[in-house]
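Reading through the structure tokens given below for one structure.
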Amino acid sequence: MAIQRVAVWSAVVGLLWCALGAPVAARADDCDNGEVSILVSPRAPTPGGTVRILAASDVGAIGELVVTDADGRVVSKDTERLGGPPWSAVATVDPALAGTHRVEAMRNGARVGCATFKVGGAAAASTFSGWNLATEALYSAWIEHLFDAPPTTSLSFDSLQEVLLDPKRNLLHGHLGLDEDRPNALGQPPDCADMPYALRAYFGWKLGLPVAYRGCSRGTATKPPSCGSVKTAAPPTGADARGWYARAASEVMNTVHSGSARTALADEATDFYPVALTREALRPGTVYADPYGHTLMIVQWVAQTPERGGVLLAVDAQPDNSVARKRFWEGTFLFADDVASAGPGFKAFRPLVRTGGGGLAPLSNGALRDDPRFAPFSLEQATLEPDAFYARVQRLINPDGLRPEQAYADTLDALVEQLQTRVDSVQRGETYVREHPRETVGMPDGLAIFETIGPWEDYATPSRDLRLLIAMKVLLGLPDRIVAHPELFLLEGNPPRAAATAVEEAHAKAVEERAIEYTRSDGSPWRLTVGELLARKSALEMAYNPNDCVEVRWGAPEGSPERSTCRRNAPPEQRAKMGSYRPWFREGRRPSR
């Protein structure tokens with residue numbers, strides 16, 4: 001039934017655009033929004049300045065954006081288009097004239113949306129009335145553009161602030177015209193659990209939209225986290241808006257944590273609610289909460305073609321504040337149906353809307369089942385075992401199925417991507433320890449090795465390494481998966497076992513060709529093939545401690561030439577604790593609270 005509601009939601013979207021309104025500046029009589037929402041930034045364009053235009057539609061692709069100036073001359077440049085839903089388009093213009101300009105969104109030669117904006121003079125009053133079909137589409141489109149890059153590109157940043165301060169990525173950079181995005185003006189960079197809130201608050205800040213958040217528990221061994229009453233924050237107008245984001249983001253980040261997204265799927269006293277596993281519902285900006293506390297955010301879908309497989313891309317933040325883009329697969333998106341302390345899966349922000357009395361309130365699960373402005377509430381994910389969950393999403397990514405050799409190549413690419421991001425993470429820990437030569441990073445006890453604060457959280461890698469070890473098992477288990485689930489693959493008449501054998505043969509060669517490189521303690525580079533790292537799985541079960549030298553962090557055998565440059569080891573009492581925790585990593589599970 002949830003899937004049917006999503007289909008209905010998608011079908012009626014086009015009828016709602018005009019009724020709900022795509023918010024823009026004042027429009028001329030012959031210029032209406034149509035089915036497209038158009039955002040012009042900055043809100044007070046000036047002659048000679050740069051204007052960025054973002055258009056989004058849930059109905060269909062946008063062909064181009066045509067901008068004409070006050071004299072009726074076309075001044076738009078090439079249109080950048082991104083996939084959907086929602087489909088989006090971006091144009092940049094440098095208006096030379098003051099006066100009213102016009103934006104037309106075109107599809108197959110027909111106009112499907114139109115808006116006007118004024119260049120010169122005071123900023124127009126914002127007409128963004130709240131979270132609705134139009135603003136959610138613009139939010140998704142803004143998120144996608146923020147992290148856009150070719151799917152084969154390794155995309156990573158030192159922090160989210162680096163992304164937001166880049167006007168080429170951030171279409172809302174300087175939108176308020178208050179020098180609000182100057183360096184050091186955005187406060188503390190967010191980590192894993194904070195990042196979705198930080199992005200939602202930033203978008204709300206620029207468009208004058210309210211945001212909501214709750215204080216939550218972390219749950220217990222038998223119970224998911226539960227949350228308290230909702231808190232709301234609405235950006236002020238005028239000059240008072242300049243520093244609002246830094247203050248609001250700080251308050252939010254001091255409140256939310258890894259339990260905030262892991263609430264039970266049926267709970268409605270939450271910041272997020274579960275959505276159906278459909279392409280329409282899984283939009284950029286949708287959050288993924290894994291059962292152990294890690295959070296990712298969808299940023300882009302890359303459609304399957306006859307030449308290559310499809311890709312679902314997401315970003316996450318680490319305790320050291322770094323942000324990286326990665327693809328959906330079992331090694332990064334952990335899912336479990338037997339963790340009583342978690343409500344894992346894909347979730348959307350629970351919308352905050354105006355009540356009849358003018359106040360703000362989040363929508364209930366019941367309301368979200370039928371409100372066409374938002375992705376419908378669905379408990380579909382609660383019915384799925386992990387194998388079925390992964391198969392379901394893979395069908396969305398590659399609806400035509402994949403040849404086994406392509407599936408293997410994609411899985412190996414994802415593992416190498418994961419290894420490469422670990423290179424950067426381990427190196428950050430090495431740099432910190434070298435800069436603090438008299439300090440031993442304190443190691444917490446038990447479950448706290450995954451959830452703590454301070455240098456251990458920032459530079460140890462237990463959560464990352466647990467996911468890496470799971471990812472290795474996924475790669476090695478692909479031949480068995482082909483035999484167990486031949487319906488997921490394009491076998492072209494070949495028996496599943498023969499296809500699995502071919503993948504095993506390809507694997508033996510490929511893992512000796514693919515490699516990563518890290519910097520040893522003496523500054524020399526060291527190359528490790530994927531095959532060598534797979535053979536070191538046991539050593540990598542105890543390689544997450546930043547007090548160990550970098551060679552140990554990469555599993556170098558004792559007495560080997562590789563390890564000869566090691567000059568530092570974790571204290572014996574820490575190694576003893578790591579030994580007692582080793583079964584968690586060997587078995588690929590985090591302990592219950």
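No lab work stands behind these numbers, since they all come straight from the coordinates. Just so you know, these numbers come straight off a predicted model, no measurement behind them. Virtual Cβ from ideal backbone geometry, glycine too; neighbours counted across all protein chains shown.
Computed from backbone phi, the HN-Hα couplings of segment 511-516 come to 6, 8, 8, 8, 7, 10 Hz, rounded to whole numbers (Karplus: 6.51 cos²θ - 1.76 cosθ + 1.60, θ = phi - 60°; Gly and Pro given as x). From the alpha carbon centroid of segment 268-326 to that of segment 347-408 is 11 Å. Our note on the geometry: Cα centres of segment 508-577 and segment 142-216, 35 Å apart. Among 490-499, 81-90, 107-116, the peptide with the highest mean count of other Cβ atoms within 10 Å heads the list, and the full ranking is 81-90, 107-116, 490-499. Placing a pseudo-label 7 Å from each Cα along the Cα-to-Cβ vector at Arg73 and Asp240 gives an inter-label distance of 4.3 nm. Cross-link partners among lysines for Lys231, C-alpha distance below 28 Å, same-chain residues fewer than 8 apart left out? Hits, sequence-local ones excluded: Lys206, Lys223, Lys347. In terms of packing, defined here as the mean over residues of other Cβ atoms within 10 angstrom, the peptides 288-296, 470-478 line up highest first as 288-296, 470-478. The gain in end-to-end length when the Ala336 to Arg279 segment is fully stretched comes to 18.4 nm, 0.36 nm per residue minus the alpha carbon separation.
Estimated at 0.36 nm per residue, the fully extended path between Ala361 and Arg514 surpasses their Cα-Cα distance by 49.9 nm. List the residues, sorted by chain then number, that are 5 or more residues from Gly113 or on another chain and whose placed amide H is less than 5 Å from its amide H. Amide H to amide H, under 5 Å and 5 or more residues apart or across chains, Gly113 pairs with Ala105. In this calculation the C-beta distance from Arg369 to Ala122 is compared with R0 = 51 Å, giving a FRET efficiency of 0.75. Phi angles of segment 210-220 translate, via the Karplus equation with coefficients 6.51, -1.76, 1.60 and θ = phi - 60°, into HN-Hα couplings of x, 10, 9, 7, 9, x, 10, 7, 9, x, 10 Hz per residue; Gly and Pro are given as x.
Taking 0.36 nm per residue of separation and subtracting the Cα-Cα distance, full extension of the segment from Asn254 to Arg111 would add 46.9 nm.
In sequence order, segment 94-111 has phi-based couplings of 10, x, 8, 10, 7, x, 7, 10, 10, 10, 10, 8, 10, 9, 6, x, 10, 7 Hz under the Karplus curve 6.51 cos²θ - 1.76 cosθ + 1.60, θ = phi - 60°, and Gly or Pro positions carry x.
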